[in-house]
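Here's the structure we're looking at; comments come further down.
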Amino acid sequence: MIHISVQQSAIDIAAEMTRAEAAGAGAVATFTGLVRGDDGVGTLELEHYPGATEAALLKVAEGAIERWSLSAAIIVHRVGPMHPGERIVFVAATAAHRGAALEACAYLIDRLKTDAPFWKRETRGVKASWVEARDGDHAAAARWDISKG
Amino acid sequence: MTIRMVYFAWVRERIGTGEESVEPPASVVTVADLVNWLAETSPAHAGAFENRSRLRAAIDQDFVPLDTPIGRAQEIAIFPPVTGG
């Protein structure tokens, strides 16, 4: 089971967990990303590429399902304006055992960061700036290229 | 050949529009050629495309390197490195 959502509305963890658990397996691993209030960030706005975003997330989820034989992969990402402390992303991997679920969960968030067309803009006071991509994100995503393919 | 160009984030802001239709000459073969050609069409395009190493592209919604031939592309997107998650 794959569930992808790119949404304006708040992420309902309980509903997503219910979905993950309903896939019927022994282990669910999840990751939740929250908006950080670094250096006085007041608002974070997420822009994306409609159509391409969903396709990219589907590809990431399919990759995880195939590699770890998951029962379910869930990716939910918010777009639009949000504030520090709010959930920006949620991923879940449902597998027979914890090892596969935990690894697949890390894969989902690492790949999402480099493969899906989202852009963050931070506003501090009246000053807005686009967030720069980090080399570390590419290193995190690339580690999945070298081990079992 | 008419191509729908789409722009995101600061590329969109600097160009001043999120999308436009363009008809590049036959000499435009790759996405990089297209960027070079567009950069000559206005100061805004030139500014947005100033640093080519900070640009990423997609052809018909698939991510591609800038040296990819545009072929029969209908939609080409130009944008900064992604920052989701």
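Just one of A:Gly63, A:Gly80, A:Gly51, A:Gly37 is modelled with pLDDT under 95 and of a type outside the set (Val, Ile, Thr); which is it?
On the way: A:Gly63 fails: modelled with pLDDT under 95; A:Gly80 fails: modelled with pLDDT under 95; A:Gly51 fails: modelled with pLDDT under 95.
Step by step, each of A:Gly63, A:Gly80, A:Gly51, A:Gly37 is checked, and only A:Gly37 is modelled with pLDDT under 95 and of a type outside the set (Val, Ile, Thr).
If you scan the stretch B:1-23, which residues turn out to be without any contact (Cβ under 8 Å) to a residue 24 or more places away in the chain and assigned to a strand (DSSP E or B)?
Listed by number, the residues that qualify are B:Glu19, B:Glu20, B:Ser21, B:Val22.
Of everything in the stretch A:35-69, what is within 15 Å of A:Arg121 (Cα to Cα) and either basic (Lys, Arg) or within 18 Å of the chain's Cα centre (by Cα) (or both)? Give them in sequence order. First the steps, then the outcome.
Applying the first criterion (within 15 Å of A:Arg121 (Cα to Cα)) to the stretch A:35-69 yields A:35-49.
Within the stretch A:35-69, A:Val35, A:Arg36, A:Leu44, A:Glu45, A:Leu46, A:Glu47, A:His48, A:Tyr49 meet the criteria.
Listed residues B:Ala46, B:Ala26, B:Ala32; which is in contact with a Ser or Thr (Cβ under 9 Å, 6 or more places away or on another chain) and either outside any helix (DSSP H, G or I) or modelled with pLDDT of 95 or more (or both)? Explain how you work it out, then say what you get.
Working: B:Ala46 fails: in contact with a Ser or Thr (Cβ under 9 Å, 6 or more places away or on another chain); B:Ala26 fails: in contact with a Ser or Thr (Cβ under 9 Å, 6 or more places away or on another chain).
Among B:Ala46, B:Ala26, B:Ala32, only B:Ala32 is in contact with a Ser or Thr (Cβ under 9 Å, 6 or more places away or on another chain) and either outside any helix (DSSP H, G or I) or modelled with pLDDT of 95 or more (or both).
Looking only at the stretch B:73-84, decide whether some residue is surrounded by 19 or more Cβ atoms within 10 Å (Cβ to Cβ), more than 12 Å from the chain's Cα centre (by Cα), at positive phi and within 14 Å of chain A (Cβ to nearest Cβ).
No - not one qualifying residue is present in the stretch B:73-84.
Working only within the stretch B:29-73, note down all residues that are in contact with a His (Cβ under 6 Å, 6 or more places away or on another chain) and in contact (Cβ under 8 Å) with a residue 24 or more places away in the chain.
If we filter the stretch B:29-73 for residues that are in contact with a His (Cβ under 6 Å, 6 or more places away or on another chain), which is where we start, we get B:38-39.
Passing the criteria: only B:Leu38.
The values are calculated or read from the model by the stated rules, or taken from the named source; none is laboratory data. Here the structure is a predicted model, which is why all the values come from computation and not from measurement. For neighbour counting, all protein chains shown are included, and Cβ atoms are generated from backbone atoms with ideal geometry for every residue, glycine included.
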